[in-house]
Amino acid sequence: METGKMNRLKVMKTVDFGVYLDGGEGREILLPARYVPGGCKEGDEVEVFIYHDNEGRLIATTLRPLATVGEFQWMQVKDVSAAGAFLEWGLMKDLLVPRREQKAPMKIGGRYLVHVYLDFVTKRIVASARIDRFLDNVPPDYERNQEVDLIVAESTEMGYKVIINHQHWGLVYHNEVFHPLEKGEKRKGYIREIREDDKIDVSLYPLGYEKIDGIAHHVLQTLTRNGGFLPLHDKSDAEEIYSLLACSKKSFKQAVGALYRKQLILLEKEGIRLAGSE
């Protein structure tokens, strides 16, 4: 069992107010009745998140928080006190950012990028806005064109700073972004280069796409934002094409032809699909 993570635990016994789960090492973890799946019985396994209740006791919930231990996330402040700021976490209990872990005093209603971690001293789950100390702590071990998970952190003069796989800083250059990225936006990305200083350049598209420009580039980006598929083909109505891509039917067909010749898309009966996105 890992505190602050999703765990799959076995039901040990049922009581009127919930079920007790096997937390290992003789520990019994309560899953309150409101979260117990229908028909749950002794011996079943349940996927739960483990955290501390207001009394400091370990407790389980089937709710999934906005971020688990080891992850980064943008969260909104619900309240502040002498202890620190309390973030909306997606659970009944809010997530504390101690005052020492704030870059500047957090304000109610503000959204902040934080890292969720298990405090070494208190063993409680807390968050920190001092995110740099949780990144780039291990050498980057990525391959060129490797697909990775990105969280958009901020815009700079050169591009967008992103967090790669909750481990490293990366940069997506402005000339590769067709539409502005939003803080907190989660995207797939691809490793372009790891420089000699271990700085990482990232692309929003598999390498090779950078040679595509104009309407074809726009089609690729729209495909990416729509899960790799668009219900458009050569028989589609011109107005339908314009509503999705803001271009003429002629331009659309030319772009599709260019992308198909480069084997970047597949032509299907119902539309077009990014190669490799089936």
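The values are calculated or read from the model by the stated rules, or taken from the named source; none is laboratory data. All values reported here derive from a predicted model rather than from experimental measurement. Methodologically, a virtual Cβ is constructed for each residue, glycine included, from the backbone with ideal geometry; neighbour enumeration extends over all protein chains shown. Ligands, DNA and RNA are stripped out before the accessible areas are found, and what is left, the full protein with its side chains, is counted by its heavy atoms. Shrake-Rupley method; radii C 1.70, N 1.55, O 1.52, S 1.80 Å.
Listed by first and then second residue, the pairs linking a residue in the stretch 3-30 that is within 13 Å of L58 (Cβ to Cβ) and without any contact (Cβ under 8 Å) to a residue 40 or more places away in the chain to a residue that is open to solvent by 80 Å² or more (accessible area, probe 1.4 Å) and of a type outside the set (S, T, N, Q), with Cβ atoms under 6 Å apart and 6 or more places separating them unless they lie on different chains, are Y20/K13; Y20/E28; D22/K10. In the condition set (1) open to solvent by 60 Å² or more (accessible area, probe 1.4 Å); (2) at pLDDT below 95; (3) under 17 Å from Q73 (Cβ atoms), E185 is compliant with all but (1). The residue that is least open to solvent (accessible area, probe 1.4 Å), among those in the stretch 1-42 that are in a loop (DSSP other than H, G, I, E, B) and among the acidic types (D, E), is E2. Scanning the stretch 155-179 for residues that are hydroxyl-bearing (S, T, Y), over 19 Å from the mean Cα position of the chain (by Cα) and either assigned to a strand (DSSP E or B) or buried (at least 18 other Cβ atoms within 10 Å of the Cβ) (or both) yields one hit, Y173. Number of residues in the stretch 231-278 that are of a type in the set (G, A, S), surrounded by 15 or more Cβ atoms within 10 Å (Cβ to Cβ) and in a helix (DSSP H, G or I): the value is 3.
Within the stretch 181-196, residues that are farther than 14 Å from K161 by Cβ and assigned to a strand (DSSP E or B) sit with their Cβ atoms under 9 Å from residues that are hydroxyl-bearing (S, T, Y) and open to solvent by less than 40 Å² (accessible area, probe 1.4 Å), at 6+ positions apart or across chains, in these pairs: Y190/S203; Y190/Y205; Y190/Y209; I191/Y142; I191/S203; R192/S203; I194/Y142.
Screening the stretch 222-247 for residues that are more than 28 Å from E182 (Cα to Cα) and touching a helix residue (DSSP H, G or I) at 6+ places or on another chain (Cβ under 7 Å) and picking the one that is modelled with the lowest pLDDT gives D234.
Can you say whether I164 is within 25 Å of E71 (Cα to Cα), touching a residue at least 60 places away in the same chain (Cβ under 8 Å) and of a type outside the set (D, E, K, R), as far as the supplied structure shows? Against the criterion (within 25 Å of E71 (Cα to Cα), touching a residue at least 60 places away in the same chain (Cβ under 8 Å) and of a type outside the set (D, E, K, R)), I164 does not qualify. Exactly one of these conditions fails for L220: (1) part of a helix (DSSP H, G or I); (2) farther than 24 Å from I151 by Cβ; (3) not acidic (D, E). Give me its number. Only one criterion in (1) part of a helix (DSSP H, G or I); (2) farther than 24 Å from I151 by Cβ; (3) not acidic (D, E) is unmet by L220, namely (2). Screening P139 with (1) in contact with a Phe, Trp or Tyr (Cβ under 9 Å, 6 or more places away or on another chain); (2) at negative phi gives one miss only, at (1).
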